[in-house]
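S.K.: Supplied in C-alpha cells, the structure appears directly below.
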Amino acid sequence: MSDFLVPALQGLAPYIPGEQPRNRDYVKLNTNENPYPPSPRVLEALNREEVGRLNLYSDPTALPLRRAIAEVYGVKPDNVFCGNGSDEVLGFSFLAFADEKHPVTIPEVSYGFYQVVARLFRVPPRVIPLNEDFTLPVGRFAEAGSTVVFANPNAPTGIVLPLEDVERIVKGNPEHVVLVDEAYVDFGGESALGLLDRYPNLLIVRTFSKSRSLAGARLGYAIANTPVIADLERVRNSFHPYNINRLSMLAGVEAMRDVRYFAECTQKIVSQREETSKELSALGFTLTQSAANFLFAAPPALTAREYYAALKARGVLVRCWDDPKLKEHVRISIGTREQMRRLMLETRAILNERKIP
Ligand SMILES: *Cc1c(COP(=O)(O)O)cnc(C)c1O
C-alpha cells in the first residue's frame with residue numbers, strides 16, 4: 001500500500017477472482033466459464049476488417065447490441081442497458097441506486113462481489129443470513145425497505161428462488177430498486193422478465209460470460225423499465241461512455257442472435273450437470289439442487305479443502321472457500337462430457353486412496 005491511498009479504501013478487501021493458472025493444463029472447473037467456444041458466427045464477425053477499425057471509437061450507445069438483446073427478449077432497446085461485464089452493470093447499479101444513506105440488502109451467502117462493490121462505493125450492506133438449507137428467507141427480503149440485490153439462481157449454491165417469491169420481494173419494496181442477478185438463469189430457474197410490466201422497481205441483470213461463452217469479451221446487460229435504464233445511462237455516461245468495445249459489441253450481437261447454438265450448449269451443460277450430480281451423490285457427496293452451470297457439493301469423509309487440494313494435484317481445478325458458511329463445500333463448474341469424466345475418475349481415485357467409504 002502506498003502512503004497516498006485514501007483512508008476510506010485502506011481497509012477494503014477486494015474481490016478475489018478464481019485462479020487462472022498459466023503453468024499447467026488443468027481441467028478448469030473453478031470459474032463457471034462455459035466449456036464450449038463462442039458461436040461460430042462470433043468468429044466470423046471478428047475479421048481483419050473489423051480489427052482494422054479499432055482506430056475508431058465504439059458506438060457509445062451500444063445500439064446494435066441493445067437491439068439484438070431486445071429482439072431476443074421481446075422488449076425495446078430502451079429497456080436494455082449494456083455493461084463491460086455484468087460486474088460493471090452491478091457497479092453502475094450500486095452507484096445509481098444506493099449511497100451512504102441508502103443501504104443495500106443482500107444475502108449473506110451469495111456472489112461475493114456485491115459486498116465488495118458496496119464497500120467501494122461506501123454503501124452500507126445489510127447482510128441477511130440464508131436459512132439452514134441455503135434457501136433465501138423471503139419474508140425478510142420482502143420487508144427490506146431498502147435497495148435489494150440477490151442472484152437467482154443463487155451463487156454458489158445454484159438454488160432457485162421460485163418466481164412467486166421473487167415477486168413478493170419486488171412487490172414488498174415498491175420504493176426501492178430490487179436487482180435480480182440472473183447470471184445463471186439460462187441453465188434453469190424462471191426469469192423475472194415477465195414481471196417488468198407490473199413493477200417499475202425491478203432491475204434484471206444478466207451476463208454473456210456463462211451461457212453465451214463470452215467471459216473474455218466482458219459483456220453484461222440489464223433489462224428494466226425505461227426510467228431505471230435512463231438512470232443507469234446517466235451514471236455510465238458520467239463515467240465510461242465507450243464501455244463496450246467494438247470487437248465485443250460484434251461478438252455479443254452474434255452470440256445473442258445464434259439462438260440455436262446457445263440452446264445446444266446450454267442443454268449439454270444441463271444434462272452433464274444432472275449426470276455428474278447423480279454420480280457424486282452415489283459416492284456420498286451432499287449436493288444442493290443446482291439450476292446453474294455448477295454444482296455445490298460437500299465431499300464425504302474428507303474436508304472440502306482436502307478434496308480441492310487432491311483434485312488440484314491430479315490436474316483438476318475447482319473452487320473452495322475459507323468462509324465458515326461455505327467451507328464444507330466445493331463449487332464444481334460444469335465442463336464438457338470429457339472434463340466431467342475426468343473429474344469423476346480423479347474423484348473415485350481420491351476416495352479409493354483414502355478407503356472411503
Ligand atoms: C459470474 C457472475 C457475474 C459476473 O459476470 P461478468 O459478466 O463476467 O462480470 C455476476 N453475477 C454472478 C452471480 C456471477 O456468478
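Read-outs throughout are calculated quantities, based only on the coordinates presented, and are distinct from any laboratory measurement. Note that the coordinates shown come from a computational prediction; the quantities given were computed from them, not determined experimentally. As a convention, Cβ positions derive from the backbone with ideal geometry for all residues, glycine included, and neighbour counts pool all protein chains shown.
S.K.: Which value in nm describes the separation of the simple spin-label points at residue 135 and residue 336, placed 7 Å from the Cα toward the beta carbon?
M.R.: 3.9 nm
S.K.: I'd like to compare 222-232, 83-93, 272-282, 151-161: which one has the highest average count of other Cβ atoms within 10 Å, and what's the full order after that? Don't jump to the answer; show the numbers that get you there.
M.R.: Working: 222-232: 19.2, 83-93: 23.5, 272-282: 16.6, 151-161: 25.3.
Final packing ranking: 151-161, 83-93, 222-232, 272-282.
S.K.: By how many nm would the segment from residue 301 to residue 47 grow when fully extended, if each residue of separation counts as 0.36 nm and the alpha-carbon distance is taken off?
M.R.: Stretched out fully, the residue 301 to residue 47 stretch lengthens by 86.2 nm.
S.K.: Residues in the stretch 289-332, backbone N under 19 Å from the label point at residue 20 (7 Å along the Cα-to-beta-carbon vector): list them, ranges by number please.
M.R.: 317-320, by backbone N distance to the label point.
S.K.: Then there's this: Count neighbours as other Cβ atoms within 10 Å of each site's Cβ, and list the GluC sites (Glu not before Pro) in the stretch 144-179 that are DSSP loop with at most 15 such neighbours.
M.R.: Numbers: sites: 164, 167, 175; in loops: 175.
Listed in order of number, the matching sites are 175.
S.K.: Say a paramagnetic label sat at a point 7 Å from the Cα of residue 242, along Cα to Cβ; which residues of the stretch 63-106 have their backbone N under 20 Å from it?
M.R.: Under 20 Å, as judged by backbone N against the label point of residue 242, lie 63-66, 82-85, 88-89 of the stretch 63-106.
S.K.: Given the -39500 (n - 2.57) contribution per DSSP H run of 4+ residues, what per-residue ellipticity at 222 nm results for the chain, rounded to the nearest 500 deg cm²/dmol?
M.R.: -11000 deg cm²/dmol
S.K.: Rounded, prolate or oblate, given the Cα gyration tensor of the stretch 114-202, with a/c below 1.5 counting as rounded?
M.R.: rounded
S.K.: What angle, in degrees between 0 and 90 and rounded to the nearest 10, separates the Cα long axis of helix 259-282 from the longest principal axis of the Cα atoms of the chain?
M.R.: Roughly 30 degrees, rounded to the nearest 10.
S.K.: Extent of the chain along each principal axis, from alpha carbon coordinates, in Å, largest to smallest?
M.R.: Answer, in whole Å and largest first: 60, 52, 51 Å.
S.K.: Turning to a different aspect of this structure: Within 15 Å, Cβ to Cβ, of residue 159, how many net charges do the neighbouring residues add up to if Lys/Arg are +1 and Asp/Glu are -1?
M.R.: With Lys, Arg at +1 and Asp, Glu at -1, the neighbours total -4.
S.K.: Here's a follow-up. When only C-alpha pairs under 8 Å and at least 6 residues apart count, what is the relative contact order of the stretch 208-357, in percent?
M.R.: Across the stretch 208-357, relative contact order equals 18 percent.
S.K.: Sticking with this one: Could you list the trypsin sites (Lys or Arg not before Pro) in the stretch 67-162 that lie in coil according to DSSP, counting only those with at most 14 other Cβ atoms within 10 Å of their Cβ? Mind showing how you got there, number by number?
M.R.: Numbers: sites: 67, 101, 119, 122, 126, 140; in loops: 101, 122.
Sites meeting the loop and neighbour criteria: 101, 122.
S.K.: I would also like to ask the following. For the residue pair residue 63 and residue 10, what label-to-label distance in nm results when each label sits 7 Å from Cα along the Cα-to-beta-carbon direction?
M.R.: 5.0 nm
S.K.: Using alpha carbons only, how many angstrom separate the centre of the stretch 310-357 from the centre of the stretch 213-285?
M.R.: The stretch 310-357 and the stretch 213-285 have Cα centres spaced 26 Å from each other.
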